[in-house]
Amino acid sequence: MGSTTPSTDDIGRMYDETAALSQIFIDGQEHLPYWYDDHDDTPVVEAAKRITRKVGAAIGLRPGEHVLDAGCGVGAPAVQLAEEHGVRVTGITISSVQAAEARRRAERSAAATRIVFAHGDYNHLDYPDDTFDAVIAVESLMHADDLAASLAEFRRVLRPGGRLAIADCTREAPAGSEPAARFTTAFQIGQLLSVPEWVSRLRTSGFDVDEYTQCGPRVYGMGLRYLDRANELHNELASRFGEEMVGELKQSYRDYFSYGADIGYAIIAARKPSL
């Protein structure tokens, strides 16, 4: 990867700085929302919860299972999964600020006794082999500086037959396309894979791939609705973070969602083979 790829410390600092914004802007659902079409007027936070539900459904979470949320942010998806599926969730984030915010969120949940958050690196997990029934990685593997090592660590901590769900942006343009290259450089993304490339990487890492869904037009393709949300919250955001920051935020959304059909979004379910 090129020199623009941020270090682990860079990523941690970036999320330290944005934790407070994400709590206000999207109630801690730090991933893209899902809208069915232009006539779907679901509020942005509820639309984001759809991705969390789709991730849980893709791997068939069952009550009592233990789930690792690798790159848990400020904890909203982990809390949602614990409440809606009756699972135990351990979340890990590279940001100490996010980890603290996530713990506070968990304390307010009816599922608080089944949720734990930690500050750490999903490339170096402090858990024994075969600890988890499932691992989810929602828009977090884009930051992996060594994807093979990340997937190997997930496989290690999964029990035999354990499941992995990945939700992330994908490359819909041909390999080496100029727009996709600009996207990864501009937003310091470690890798932007096509769905077939994801399937290949997972299989090479020892996973069986169960399902994949390309829902880019309903996720990335609807992303400019973030501008509506920024306009809705303009006064609150400006009073908290300043007018200049709000202007930069809106421009960043215009830039991020300007790549059209070259960028997609996929939810992929895989499994560690049983013994």
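Any read-out appearing in this document is the output of simple, stated calculations on the displayed coordinates, not a laboratory observation. In this text, all values refer to a predicted model and were calculated from it rather than measured experimentally. Because the Cβ atoms are built from the backbone with ideal geometry, glycine has one as well, and the counts that use them run over all protein chains shown.
Eigen-decomposition of the gyration tensor built on the alpha-carbon atoms of the stretch 133-275 gives equivalent ellipsoid semi-axes of 32, 17, 13 angstrom, largest listed first.
Remark on Arg171: its backbone amide H falls under 5 Å from those of Leu193, Ser194, Val195, Gly264, a criterion applied only to residues 5 or more positions apart or on other chains, H modelled at 1.01 Å from N. Can you compute the helix-only [θ] at 222 nm over the chain? Use -39500 (n - 2.57) per DSSP H run of at least 4 residues, normalise by all residues, nearest 500 deg cm²/dmol. Calculated at 222 nm, the ellipticity per residue is -13000 deg cm²/dmol.
Mind sorting Arg203, Arg229, Arg88, Arg163 by how few other Cβ atoms lie within 10 Å of their own Cβ, fewest first? Each step should come with its number before you reach the end.
On the way: Arg203 12, Arg229 17, Arg88 20, Arg163 24.
The fewest-first ordering by Cβ neighbours comes to Arg203, Arg229, Arg88, Arg163.
Note that the stretch 74-116 shows a convex hull volume over its alpha carbon atoms of 50 Å³ per residue.
What does the charge dipole of the stretch 8-268 about its Cα centre add up to, to the nearest 20 debye, if the Cβ of each Lys and Arg holds +1 and the Cβ of each Asp and Glu holds -1?
Values: 26 positive and 41 negative charges, 121 e Å.
So the magnitude is around 580 debye.
Once the convex hull of the alpha carbons of the stretch 8-268 is built, what does its volume come to per residue, in cubic angstrom? Write down the numbers at each step before the final one.
Details: hull volume 31.5 nm³, N = 261.
Enclosed volume per residue, from the Cα hull, is 121 Å³.
Sequence-distant contacts, meaning Cα pairs under 8 Å at least 6 residues apart, place the relative contact order of the stretch 89-197 at 24 percent. With contacts taken as Cα pairs under 8 Å and at least 6 residues apart, the chain reaches a relative contact order of 20 percent. Comparing Phe257, Phe154, Phe241 in a Gaussian network model of the chain, where Cα atoms under 10 Å apart are tied by springs, the biggest mean-square fluctuation is seen for Phe241. What the Kirkwood sum gives for the stretch 41-114 is a hydrodynamic radius of 12.5 Å, with every pair of different alpha carbons counted. Think of the stretch 14-143 as having a plus end and a minus end, set by charges on the Cβ of Lys, Arg, Asp and Glu; of Thr113, His31, Thr42, Thr113 sits farthest toward the positive end of this dipole.
At q = 0.16 Å⁻¹, what is the log10 ratio I(q)/I(0) for the stretch 109-204, with the Debye formula run over Cα points and no solvent? Each listed q maps to, in turn, -0.77.
Pick from Ala76, Ala230, Ala106 the residue whose mean-square fluctuation is largest in a GNM of the chain, springs joining Cα atoms under 10 Å. So, out of Ala76, Ala230, Ala106, the one fluctuating most is Ala230.
Figure legend: label point modelled 7 angstrom from the Cα of Asp208 along Cα→Cβ; residues of the stretch 56-92 with amide N under 16 Å from it are 59-60.
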